[in-house]
Amino acid sequence: QVQLVESGGGLVQAGGSLRLSCAASGSIFSINAMGWYRQAPGKQRELVAGITSGGSTNYADSVKGRFTISRDNAKNTVYLQMNSLKPEDTAVYYCYYRDREYVGWGQGTQVTVSS
């Protein structure tokens, strides 16, 4: 089992910034990937950003150049710095952890961007 606790959501005006954090604990394997999906009402869940234990990153085209994902392996924590936020970024953001045998999800945090 891997437990995830995420934080950092909130309400911000367009053009503003937020930083999401997700801390993992439990049976963490050395080779893994973590990141965030998001889901807005009436829309499909989409991958926002991911990062592997080796540091390789992946971003949705819609957030490239605005969001940066990073991780601190010593703390088993990942961070998503979100800059230049747009109303279309409004969604519930779900942190994930996965390895070859397990996938786990955070509780979700609401991000709301007003125009």
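For the chain, with all protein chains present and a 1.4 Å probe, just round the carbon and sulfur fraction of the accessible area to a whole percent. Here it works out to 47 percent. Partners of K86 within straight-line reach, counting lysines whose Cα lies under 27 Å from its Cα and excluding those fewer than 8 residues away in the same chain: K43, K64.
Accessible area per residue for the range 50-115, computed on protein heavy atoms with a 1.4 Å probe, is 53 Å². 3J(HN,Hα) along the range 85-97, derived from phi through the Karplus expression 6.51 cos²θ - 1.76 cosθ + 1.60 where θ = phi - 60°, amounts to 5, 10, x, 5, 7, 4, 4, 8, 9, 10, 6, 10, 10 Hz, with x in place of Gly and Pro. Highest-first packing order for the peptide set 73-86, 35-48 is 73-86, 35-48, based on the mean count of other beta carbon atoms within 10 Å. For the pair I28 and S115, label points projected 7 Å from Cα toward Cβ lie 4.0 nm apart. When only Cα pairs below 8 angstrom with a gap of at least 6 residues are kept, the chain shows a relative contact order of 37 percent. Taken over the range 55-106, the percentage of Cα pairs per 10 Å bin, counting from 0 up to the bin with the maximum distance, is 18, 52, 27, 3. Converting phi to 3J(HN,Hα) with the Karplus coefficients 6.51, -1.76 and 1.60 and the offset θ = phi - 60°, the range 36-48 yields 9, 9, 9, 9, 9, x, x, 10, 5, 5, 9, 6, 8 Hz in sequence order, with x at every glycine or proline.
Restricted to Cα atoms, the chain shows a radius of gyration and a Dmax of 13.5, 42 angstrom.
The values are calculated or read from the model by the stated rules, or taken from the named source; none is laboratory data. In this text the structure is predicted, and so the values were computed from the model without any measurement. Positions of Cβ are backbone-derived with ideal geometry, glycine not excepted, and every protein chain shown enters the neighbour counts. Note: accessible area is taken over every heavy atom of the protein model, side chains too, but ligands, DNA and RNA are not part of it. Shrake-Rupley method; radii C 1.70, N 1.55, O 1.52, S 1.80 Å.
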